[in-house]
Amino acid sequence: MCFVIQAFPCQCTTVVLRRKGSRCQNKSECLCPALPPLQEEAAALTFMQAFWKNVVALVTRRHLLEFVGINASDINYSAGRYDPSLKPPFDAGFEGVGEVVGLGLSASSRYTVGDSVAYFGSGAFAEYTVVPAKETVPVPSVKPEFLTLLVSGATAYIALKRLGDLTKGETVLVTAAAGGTGQFAVQFAKRAGCHTIGTCSSNEKAGFLKSIGCDRPINHTAEDVSKTLRNEFPQGIDVIYESVGGSTLELAVNNLANKGRLIVIGFISGYQSASGIPPFRGATLPVKLLQKSASVRGFFLPHFLGDYREALSSMMQMFAKGELVCKVDCGETEPEGRFVGLESVFRAVDYMYAGKNVGKVVVEVTPAGVSNSKL
């Protein structure tokens, strides 16, 4: 059992959930646990065992860049809704991009220390993370744009491909279209030759949607979405990519075309409630679906991991060719400043739930040129 390691820290900061709940900030804290020195025999054995099953130790040294992504589902995880058996304390965060600082034996055939890697797995809200190599993807550099593809981009790509059955000339409605995953749904639907409609909450977001090819942005704070859809698309919408839930989901059902497909990838409007589920008047749902031969299709990314590698490879190629916009929002316009450091994770989550973001919300864990490392 051998491994390669460079500049592994004596301590690191991580976000730990102490209690389950939908308000992350009230239930969690940033800790700096000391890591056992590798020269001690027992500690080295534990470390080697962790690496033995094809593991890479990821996340940058503090004087280099690393980014972690914020997802609406972060508070579902913190509330224990994804895995009720999970007992506090537990780590949080689903995705990150950083630098390899240590390698297990098997992983050393794929990576070297210093490589840039993106990773998708729990426990990302930390300065240093141990990640199985199978959950990592090599990237050209530590850029937040690559981070947008791991969950948000992959969700849109796979959901529309596997469940959307898109046909050229169809109409596609994306709710929360200027958000982390909505931006990709708009672009992928447009690439498929569809007429794209996107709901958003400001003129700034509507402008962004136009810039990425959305044919009809609808600012729901200035227009009645239901009335607009009835007037401009009287035949209904062929495919709806829905992430808001509640009254927005009801609106989506009511505006489906014959043989329409409604893809539910989330219901963010209810995540902060005690149940995590927004109210939905669904008593007439079977009748409405039957009358239109329409369908509602749920999508949960972990159920489609067999499609993940192909999706990521395809999106990476599009981005490299300049064919895919990966909008990142680091909170530059916030009064308290950009989201920098793990302490900013809580602000970033609140920022997203306030509907302020344009694109994917990202936290910069370590700013370039700044280091408080004791190494």
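With respect to the conditions (1) farther than 30 Å from Arg81 by Cα; (2) in contact with a helix residue (DSSP H, G or I) (Cβ under 9 Å, 6 or more places away or on another chain), Val363 falls short on a single one, namely (1). The stretch 200-304 holds helices (runs of 4 or more DSSP H) entirely within its bounds, and those carrying 1 or more residues that are of a type in the set (Asp, Glu) map to 203-211, 225-232, 247-254. Only one entry of Val137, Val113 meets the criterion of being in a strand (DSSP E or B), touching a strand residue (DSSP E or B) at 6+ places or on another chain (Cβ under 9 Å), open to solvent by 10 Å² or more (accessible area, probe 1.4 Å) and touching a residue at least 40 places away in the same chain (Cβ under 8 Å), and that entry is Val137. The set of residues in the stretch 130-153 being polar (S, T, N, Q) and in contact with a Phe, Trp or Tyr (Cβ under 7 Å, 6 or more places away or on another chain) consists of Thr136, Ser152.
Just one of the listed residues (Phe94, Phe90) is at pLDDT 85 or above, of a type outside the set (Asp, Glu) and touching a Leu at 6+ places or on another chain (Cβ under 9 Å), and it is Phe94. Checking each residue in the stretch 195-237 for being out of contact with any helix residue (DSSP H, G or I) (no Cβ under 9 Å at 6 or more places or on another chain), within 22 Å of Leu166 (Cβ to Cβ) and in contact (Cβ under 8 Å) with a residue 12 or more places away in the chain picks out Ser211, Glu232, Phe233, Gln235. When Ala118 is tested against (1) crowded, with 24+ Cβ neighbours inside 10 Å; (2) in contact (Cβ under 8 Å) with a residue 40 or more places away in the chain; (3) in contact with a helix residue (DSSP H, G or I) (Cβ under 8 Å, 6 or more places away or on another chain); (4) among the hydrophobic types (A, V, I, L, M, F, W, C), only condition (2) is not met. Within the stretch 64-95, if we keep just the residues that are among the small types (Gly, Ala, Ser) and assigned to a loop (DSSP other than H, G, I, E, B), the residue that is surrounded by the fewest Cβ atoms within 10 Å (Cβ to Cβ) turns out to be Ser85.
Looking only at the stretch 220-249, residues that are more than 21 Å from Thr155 (Cα to Cα) and crowded, with 18+ Cβ neighbours inside 10 Å come to 4 in all. Quick check on Phe184: is it crowded, with 20+ Cβ neighbours inside 10 Å, under 21 Å from Phe299 (Cβ atoms) and modelled with pLDDT under 95? No.
All conditions in (1) out of contact with any Asp or Glu (no Cβ under 9 Å at 6 or more places or on another chain); (2) open to solvent by less than 30 Å² (accessible area, probe 1.4 Å); (3) β-branched (Val, Ile, Thr); (4) modelled with pLDDT under 85 hold for Val130, with the sole exception of (2).
Out of everything in the stretch 96-110 that is within 23 Å of the chain's Cα centre (by Cα) and in a strand (DSSP E or B), what residue ends up being farthest from Ala72 (Cα to Cα)? Among those residues, the one meeting the criterion is Glu99.
For the stretch 315-340, a residue qualifies if it is open to solvent by 70 Å² or more (accessible area, probe 1.4 Å) and touching a helix residue (DSSP H, G or I) at 6+ places or on another chain (Cβ under 6 Å), and exactly one does: Lys327. Here Met316 passes the criteria (1) part of a helix (DSSP H, G or I); (2) closer than 20 Å to Lys161 by Cα; (3) touching a Gly at 6+ places or on another chain (Cβ under 8 Å) except the one numbered (3). Screening Leu256 with (1) surrounded by fewer than 21 Cβ atoms within 10 Å (Cβ to Cβ); (2) touching a helix residue (DSSP H, G or I) at 6+ places or on another chain (Cβ under 9 Å) gives one miss only, at (1). Per the listing Thr248, Thr333, the residue uniquely touching a His at 6+ places or on another chain (Cβ under 9 Å), among the β-branched types (Val, Ile, Thr) and either over 29 Å from Gly80 (Cβ atoms) or modelled with pLDDT of 95 or more (or both) is Thr248.
Under the condition of being part of a loop (DSSP other than H, G, I, E, B), closer than 10 Å to Ile70 by Cβ and either modelled with pLDDT under 95 or open to solvent by 40 Å² or more (accessible area, probe 1.4 Å) (or both), the residues counted in the stretch 341-371 number 0. Between Pro234, Pro217, the distinction of being of a type outside the set (Gly, Ala, Ser) and in contact with a strand residue (DSSP E or B) (Cβ under 7 Å, 6 or more places away or on another chain) belongs to Pro217 only. Applying the selection to the stretch 259-303, what residues are under 22 Å from Gly179 (Cα atoms), in contact (Cβ under 8 Å) with a residue 60 or more places away in the chain and open to solvent by 30 Å² or more (accessible area, probe 1.4 Å)? Passing the criteria: Ile265, Ile268, Gln272, Ser273, Arg297.
The values are calculated or read from the model by the stated rules, or taken from the named source; none is laboratory data. All of these numbers come straight from a predicted model, not from anything done at the bench. Counting neighbours? That spans all protein chains shown, and the Cβs are built from the backbone with ideal geometry, glycine included. The accessibility values were calculated without ligands, DNA or RNA, using every heavy atom of the protein model including side chains. Shrake-Rupley method; radii C 1.70, N 1.55, O 1.52, S 1.80 Å.
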